[in-house]
Amino acid sequence: QVQLVESGGGLVQPGGSLRLSCAASLRTFSGYTTGWFRQAPGKEREFVAAISWTGNTYYADSVKGRFTISRDNAKSTMYLQMNSLKPEDTAVYYCATNYYNHYAIATDYDSWGQGTQVSVSS
């Protein structure tokens, strides 16, 4: 399994920005789908964004145009830039990876980070 460590969460006002990072114990992201999910209290874990093993990027409709996913192969780190944050973005955010698998379903991922809290409130 891949070891994943997230950082970058915190408290931000509505309209603000945060960048989440996820360091992976990988030499390369080649062949890996890397994704971000989030889970709010009392809700199921939901897909946020992913870069598939083909290199394509995907976003949930709720974050499209506000969030940007990226990854740096040299640093074995993936990122989630979150702009124009809303209170409904409040959740624990998780990064995850799988090998040559689909991007949108949590059960298709086999490695997960510990999660980082993002709170959007005035």
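The values are calculated or read from the model by the stated rules, or taken from the named source; none is laboratory data. Quick caveat, the model's predicted, so the values are computed rather than measured. In this analysis, Cβ positions are derived from the backbone assuming ideal geometry, glycine residues included, and neighbour counts consider all displayed protein chains. These accessible areas exclude ligands, DNA and RNA; they are computed on the full protein's heavy atoms, side chains included. Shrake-Rupley method; radii C 1.70, N 1.55, O 1.52, S 1.80 Å.
Quick notes on this structure:
- Surface composition of the chain: carbon plus sulfur atoms contribute 47% of the solvent-accessible area (1.4 Å probe, protein chains only, all chains present).
- Normalised per residue, the accessible area of the chain is 52 Å², obtained with a 1.4 Å probe and no contribution from ligands, DNA or RNA.
- In the range 32-122, the GluC sites (Glu not before Pro) that fall in loop regions by DSSP, at most 13 other Cβ within 10 Å: GLU44
- Under 5 Å between amide hydrogens, built in the peptide plane, is the criterion, and for LEU85 it picks out GLY15, GLY16 among residues at least 5 positions away or on other chains.
- Heavy atoms of ILE51: accessible area, 1.4 Å probe, square angstrom to 10: 10 Å²
- Annotation: aspartates and glutamates with alpha-carbon distance below 19 angstrom to LYS64 (same-chain offsets under eight excluded): GLU46, GLU88, ASP89.
- Dipole moment magnitude, nearest 20 debye, the chain about Cα centre, only Lys, Arg, Asp, Glu C-beta charged: 260 debye
- Accessible area (Å², 1.4 Å probe, nearest 10) - ASP108: 40 Å²
- Shown here for the range 10-62: trypsin sites (Lys or Arg not before Pro) in loop regions (DSSP other than H, G, I, E, B) with at most 10 other Cβ atoms within 10 Å, namely ARG27, LYS43.
- Relative contact order (percent, whole number), the chain, Cα cutoff 8 Å, 6+ residue spacing: 37 percent
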